[in-house]
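The structure appears right after this line, and notes come after that.
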Amino acid sequence: MTNMDSQPSAEAITYSQNSSSERTRFEAATILREGKTGVKSMRPFIGPALIASIAYIDPGNFATNVQAGASFGYKLLWVVVFANLAAMLFQSLSAKIGIVTGKNLAELSRDRFSKPVNLVLWMLSEIAAMATDLAEFLGATIAFNLLFGIPLLWGTVLTGIITYIFLLVQDRGFRPIEIAIGVFIAFTGVCFIAELAIVKPDWADVGRHIVTPFIGGKDSLVLIVGIIGATVMPHAIFLHSALTQDRVLTKTASERKNLIRWSNIEVIVALTFAGLINLSMVIMAATAFHDGIHNDVASIETAYLTLTPILGAAAGTIFVVALLASGIASSVVGTMAGQVVIQGFIKIRIPLLLRRLITMIPAFIVIRLGYDTTKVLVFSQVVLSLVLPVPLILLLTFSSDSKLMGEFKIKRPAFYIACALTSVILVFNMILVVQQAS
């Protein structure tokens, strides 16, 4: 069943009271109705993939990418490319499901499966959401500590307050939060462009390792799975379907087809930019630290302290400012995804402030017990990779359902590619579990 005749939800009606969101919705509907094309026509469709893409450049990426570059140089760049291409396919499928059905993945799961099954799926997805929020909180907290000397516990409180303020922007509609997240992403991108200009990498070597797979041993495998977990993220897949489910309401199959086309274009653009930022992180760490002297840099704090004497104060400061922007923005998006997961699977609505307080607890525990924050960041990404099969299997199940998707059912070639990518991720996960258990 598609959303051809669907009516605006309560959330959509709230959005219509805001001028920027309603104007964006009206412009998008006009473009779809008139069949317009061209770069200028893309503007009102930019938003959902932009928000989802912040998950691909969160502090977990900083941690895994710094370790990957410092320990193995450019050798794991191919993993970033692989994970990013996989993410494009999965995010486009998630967006399409929201557009076609008018529901998100968690809601469809609640409709399709029994209560016990949904409870298990929710618990696994909630673990992923908590691991995500842990990484994002720790990243911003570390940045506050390094930049301003704020103690980690107080940095956690400050991060919670700032992200809560940004989350309140949602009450004004979808457009303000999309713009805010877009500014954070652009700022992070500019920071890493500046970093690359400072470190001056060997671009020929970079190009070779982008297309040359390297597996290595146990240590590199942990980072490979961590990079995949930090790139193809469960909460981003759940959230994307929610962001598109009632953002632009379509009246005909033709309009829906055009909306899906615009959505796919936005996914490619947004995730290409996020992928380039990820590549820049690894390249920066590889160029600065993989020299036989500093290749044991294994934490964000050490990376910052090492960058300053090697490349100057500007390089270290830029790195941490980018981390701060990433941590705050991704924490906002992580909380949004957590709301989607719990409301979708078990139909419980938790007040925003309460959920923000609950998701701060793991970060408080980690800091209070004195754990190595970067190791926890990397571990959180491995957890995400282990939980990742849940949304991927749901994605494949619903997108290939003829009754649900109708003419928009996933085509066989894309379905086989998605199955193959899911299988590769599962194999990496199983190898990691076996190695960690041995």
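The values are calculated or read from the model by the stated rules, or taken from the named source; none is laboratory data. As the structure is a prediction and not an experimental result, all values here were calculated from the model. Note: ideal-geometry Cβ built from the backbone for every residue, glycine included; neighbour counts use all protein chains shown.
Structure notes:
- Test: residue in segment 38-46 that is on the phi < 0 side of the Ramachandran plot, hydrophobic (A, V, I, L, M, F, W, C) and free of Cβ contacts under 8 Å to residues at least 40 places away in the same chain: yes
- Candidates Ile198, Ile227: the one that is modelled with pLDDT under 85 and among the aliphatic types (A, V, I, L, M) is Ile227.
- Residue in segment 32-54 that is under 30 Å from Asp205 (Cβ atoms) and under 20 Å from the mean Cα position of the chain (by Cα) present: yes
- Selection status of Val222, touching a residue at least 24 places away in the same chain (Cβ under 8 Å) and either more than 30 Å from Leu392 (Cα to Cα) or in a helix (DSSP H, G or I) (or both): yes
- Among (1) buried (at least 23 other Cβ atoms within 10 Å of the Cβ); (2) among the β-branched types (Val, Ile, Thr); (3) out of contact with any helix residue (DSSP H, G or I) (no Cβ under 6 Å at 6 or more places or on another chain) - the single one Ile57 does not satisfy: (3)
Residue by residue, here is whether (1) touching a residue at least 24 places away in the same chain (Cβ under 8 Å); (2) among the aromatic types (Phe, Trp, Tyr); (3) surrounded by 15 or more Cβ atoms within 10 Å (Cβ to Cβ) holds:
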| position | (1), (2), (3) |
| --- | --- |
| Leu396 | yes, no, yes |
| Ser400 | no, no, yes |
| Lys409 | no, no, yes |
| Phe428 | yes, yes, yes |
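- In segment 203-219, of all residues being on the phi < 0 side of the Ramachandran plot and assigned to a loop (DSSP other than H, G, I, E, B), the one that is surrounded by the most Cβ atoms within 10 Å (Cβ to Cβ) corresponds to Phe214.
- Scanning segment 142-166 for residues being under 19 Å from the mean Cα position of the chain (by Cα) and under 19 Å from Tyr56 (Cα atoms) gives a total of 1.
- Residues of segment 147-164 include none that is over 22 Å from Ile358 (Cβ atoms), in a loop (DSSP other than H, G, I, E, B) and touching a residue at least 60 places away in the same chain (Cβ under 8 Å).
Residues checked against (1) closer than 30 Å to Ile161 by Cα; (2) of a type outside the set (Gly, Ala, Ser):
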position	(1), (2)
Gly344	yes, no
Arg355	yes, yes
Ala363	yes, no
Leu369	yes, yes
Ser402	no, no
Ile410	no, yes
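- Within segment 314-363, the set of residues being without any contact (Cβ under 8 Å) to a residue 12 or more places away in the chain and either touching a Ser or Thr at 6+ places or on another chain (Cβ under 7 Å) or at positive phi (or both) is empty.
- Inter-residue pairs, beta-carbon under 7 Å, first outside any helix (DSSP H, G or I) and in segment 169-190, second surrounded by 17 or more Cβ atoms within 10 Å (Cβ to Cβ), 6+ apart: Gly173/Tyr15; Gly173/Asn18; Gly173/Ser21
- Among helices (runs of 4 or more DSSP H) entirely within segment 315-410, having at least 1 residues that are at pLDDT below 85 and more than 22 Å from Leu138 (Cβ to Cβ) singles out 389-399.
- Residue in segment 274-282 that is of a type in the set (Val, Ile, Thr), more than 26 Å from Val100 (Cα to Cα), at pLDDT 85 or above and outside any loop (DSSP other than H, G, I, E, B) present: yes
- Sole residue being under 17 Å from the mean Cα position of the chain (by Cα) and among the aliphatic types (A, V, I, L, M), chosen from Val79, Val169, Val117, Val100: Val79
- Once segment 235-273 is narrowed to residues that are hydroxyl-bearing (Ser, Thr, Tyr) and part of a loop (DSSP other than H, G, I, E, B), the residue that is farthest from Leu134 (Cα to Cα) is Thr252.
- Failed condition for Val199, given (1) crowded, with 16+ Cβ neighbours inside 10 Å; (2) within 27 Å of Phe428 (Cβ to Cβ): (2)
- Scanning segment 21-40 turns up no residue that is modelled with pLDDT of 85 or more, surrounded by 15 or more Cβ atoms within 10 Å (Cβ to Cβ), out of contact with any Lys or Arg (no Cβ under 9 Å at 6 or more places or on another chain) and of a type in the set (Ser, Thr, Tyr).
- Cβ-Cβ distances below 7 Å connect the following pairs, each with a first residue in segment 199-213 that is within 20 Å of Gly312 (Cβ to Cβ), a second residue that is of a type outside the set (Val, Ile, Thr) and not in a loop (DSSP other than H, G, I, E, B), and a separation of six or more residues or different chains: Val199/Met284; Val199/Ala288; Val199/Leu311.
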